[in-house]
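J.: The structure is given below, and queries will be raised subsequently.
The values are calculated or read from the model by the stated rules, or taken from the named source; none is laboratory data. A quick note: this is a predicted structure, and the numbers were derived from the prediction, not measured. Here the Cβ is made from the backbone with ideal geometry for all residues, glycine too, and neighbour counts use every protein chain on show. Note: areas computed on protein heavy atoms with side chains; ligands, DNA, RNA excluded. Shrake-Rupley method; radii C 1.70, N 1.55, O 1.52, S 1.80 Å.
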Amino acid sequence: MVQTTLAPVRDETIRLIDKARLPDGGELLLLQSGDSFSIELDDEELMGNTDHVSEEALALMTAQRLGRHDAAVLIGGLGMGFTLGAALDAWGPKARIQVAELVPEILTWARGPLAHVMAGKLDDPRVSVTLGDVHDVIAQGRGAYDAILLDVDNGPDGFVQKQNDRLYAAPGLTAAYAALRPGGILAIWSADPDGQFTRVLCDTGFDVEVEFVPAYEGAKEDEHCLWFCRRD
């Protein structure tokens, strides 16, 4: 008699873990399916714990360009912590990494249902968290940062919050320029390229470099766009 071993059945049921109300009235959903977690808005996935290559590249490629290990870094948006984790790996023990997060529930999830995804990143002594709009943090930080990493909304062509447009308009970019130290870098993540936005960055005074990175591990055609903008 031939015995067969059945593979365990995976539970693909999608579960709603929690909700979060955005300041402008939208609603974020934290969803789970098996080992996968995602944060969605209006049936659009904003982030998940399985595809995060480009979010990590945002920090790693900035650190490579900056060339110093004791940097003062501002990260706009905590998300699921992948940009933060890459920043902790890329910068040294004397670095200071500030995270600005607008939605209080994102921090609650990071300490609760997503704690295993965060893996203690928020407990690193180099990390501080500011609960508020990164636009306002930048405006108050003249000459405070060596690097500013923005993974906010969907990039310049956002859809989560109308207020996020302030970050990517000329006045917001001018504020980011002023918040950087000489030689500092503003790094921006986007789902899609945007030639007009590149021109606005150049007009602001930045030396701009555009890079395309895989959207997920093994992707050959699906790419995300990163801008690295250096203050002279």
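J.: Run the helix sum for the chain: -39,500 (n - 2.57) per DSSP H stretch of 4+ residues, divided by residue count, reported at 222 nm to the nearest 500 deg cm²/dmol.
T.: It comes out at -7500 deg cm²/dmol, rounded to the nearest 500.
J.: Now a separate question. Hey, if you put +1 on the Cβ of every Lys and Arg and -1 on every Asp and Glu Cβ in the stretch 47-120, which of G81, A71, A115 ends up farthest toward the positive end of that dipole?
T.: The one lying farthest along the dipole's positive direction is A71.
J.: Here are labelled values, (1) 33, 25, 16; (2) 27, 19, 18; (3) 32, 19, 19, and one is the computed semi-axes √(5λ) of the Cα gyration tensor in Å for what I pasted. Which one?
T.: Only one option fits the structure, namely (3).
J.: Dipole magnitude of the chain about its Cα centre, charges +1 at Lys/Arg Cβ and -1 at Asp/Glu Cβ only, in debye to the nearest 20?
T.: Dipole size: approximately 1080 debye.
J.: How much accessible area per residue does the chain have, in Å², with a 1.4 Å probe?
T.: It amounts to 51 Å² per residue over the chain.
J.: Suppose accessible area is computed on protein heavy atoms with a 1.4 Å probe; arrange H116, H224 from highest to lowest.
T.: Most to least solvent-accessible, the answer reads H116, H224.
J.: Further question: What does the charge dipole of the stretch 172-220 about its Cα centre add up to, to the nearest 20 debye, if the Cβ of each Lys and Arg holds +1 and the Cβ of each Asp and Glu holds -1?
T.: 120 debye
J.: Go through K94, K121 and list them by solvent-accessible area, largest first, probe radius 1.4 Å.
T.: So, going from the largest accessible area down, we get K94, K121.
J.: Could you please state how large a percent of the accessible area of the stretch 178-232 is carbon and sulfur, counting protein chains only and using a 1.4 Å probe?
T.: 45 percent
J.: Please state the charge dipole magnitude for the stretch 94-232, taken about the Cα centre, from unit charges on C-beta atoms (+1 on K and R, -1 on D and E), reported in debye and rounded to the nearest 20.
T.: 700 debye
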